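Bear in mind these aren't lab numbers, they're just calculated from the coordinates by the rules spelled out. Small disclaimer: the values here were computed from a predicted structure and weren't measured. Reconstructed Cβ throughout: ideal geometry from the backbone, glycine too, with neighbour counts over all protein chains shown.
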């Protein structure tokens, strides 16, 4: 088979949630069935559309969550070099673009997304095809996505995990989901990450407003009336110190890093009494 984006997606659908079967040799009645089992209408329609483009035949979508067709020639073409049984399928050698389509279809069928803010955010997938899942992990590396695999011995199954903001961001950018609820949940996972980088607008008016918001929200009075602002990002405080000097003529210094248990942070201090009083009046601290 000559793989393109459509055939790559079809192949993956069939490996994940599909079947390509014929009658047993000792049975007189001949049949050649190809189909996708899934409860997601978008995936069934995608399979149907791509199948028609590649083979010129339109499978039917049934009420019980299947998109299926009977055809001997297509069966023979699909099974010429590939198996679609759960333990026997193999990931073909594909171009990067075709691999992207294959992976997306696989995760649409077999993948899930977990979102527990500040605790657990990951994309996962299970398979009894241990080698197949390892090949998927290797294929993800081509997109800069690092995954790990755990063997579930009691279930004779492997489980793939994609953890970390950068890996999930790359997965969203390079692979993503067509499955609506999984796609929404992946976006929820990305939105749940706290950004520690403060935005400083280029526009002077907006920047001045931004400084007011930061100071009113984050400035604290330390001993001897010294004003302090903390951040785990040193660059945030350096930009803030520069803006305080430029807009208000206030001198601020950045210290650190310090540690609070396992957290590293930096500290901006306004040490001069006259500058501290000035800032307190300006920002209502």
Using the number of other C-beta atoms within 10 angstrom as an exposure proxy, rank 11, 179 with the fewest first. 179, 11
With the chain treated as a Gaussian network of Cα nodes joined by springs under 10 Å, which of 212, 82, 143 yields the largest mean-square fluctuation? 212
Under a 10 Å cutoff between Cα atoms, tell me which one of 89, 112, 258 has the largest fluctuation in the Gaussian network model of the chain. 258
Sorted by Cβ density within 10 Å, fewest first, the residues 10, 285: 285, 10
For the chain, what is the calculated [θ] at 222 nm in deg cm²/dmol (nearest 500), taking -39500 (n - 2.57) for each run of four or more DSSP H residues and dividing by its residue count? -14000 deg cm²/dmol
Simple spin-label estimate for residue 82/residue 141, 7 Å along Cα→Cβ, in nm, reads 2.3 nm
Ranked on Cβ counts within 10 Å of their own Cβ, fewest leading, 123, 250, 114, 194 go 194, 114, 250, 123
Angle between the chain longest axis and helix 130-141 axis [Cα atoms, degrees, rounded to 10]: 40 degrees
Residue 212-residue 245 FRET efficiency (beta carbon distance; Förster radius 22 Å; 0.05 resolution): 0.90
Förster radius 30 Å - calculated FRET efficiency between residue 53 and residue 114, Cβ distance, rounded to 0.05: 0.30
So, with points 7 Å from each Cα along the Cβ direction, the residue 22-residue 262 label distance in nm works out to 5.7 nm
On the formula 1/(1 + (r/R0)^6), with r taken between the Cβ atoms of residue 233 and residue 274 and R0 of 22 Å, the FRET efficiency rounded to 0.05 is 0.20
Which three extents, in angstrom, do the Cα atoms of segment 157-230 have along their principal axes, listed largest first? 62, 31, 18
For segment 204-283, alpha-carbon Rg over 2.2 N^0.38 Å: 1.05
I'm a student and want to see the number: the projected area of the Cα convex hull of the chain, averaged over all directions, in nm². 21.6 nm²
Mean shadow area (nm²) of the C-alpha convex hull around segment 110-269 is 13.5 nm²
Measure nothing but the geometry: give the 0 to 90° angle between the long axis through the Cα atoms of 234-248 and the longest principal axis through the Cα atoms of the chain, rounded to 10°. 40 degrees
Could you tell me how far the Cα centroid of segment 1-36 sits from the Cα centroid of segment 198-259, in Å? 62 Å
With axes computed from alpha carbons, what is the tilt in degrees of helix 41-55 against the longest principal axis of the chain, rounded to the nearest 10 within 0 to 90? 50 degrees
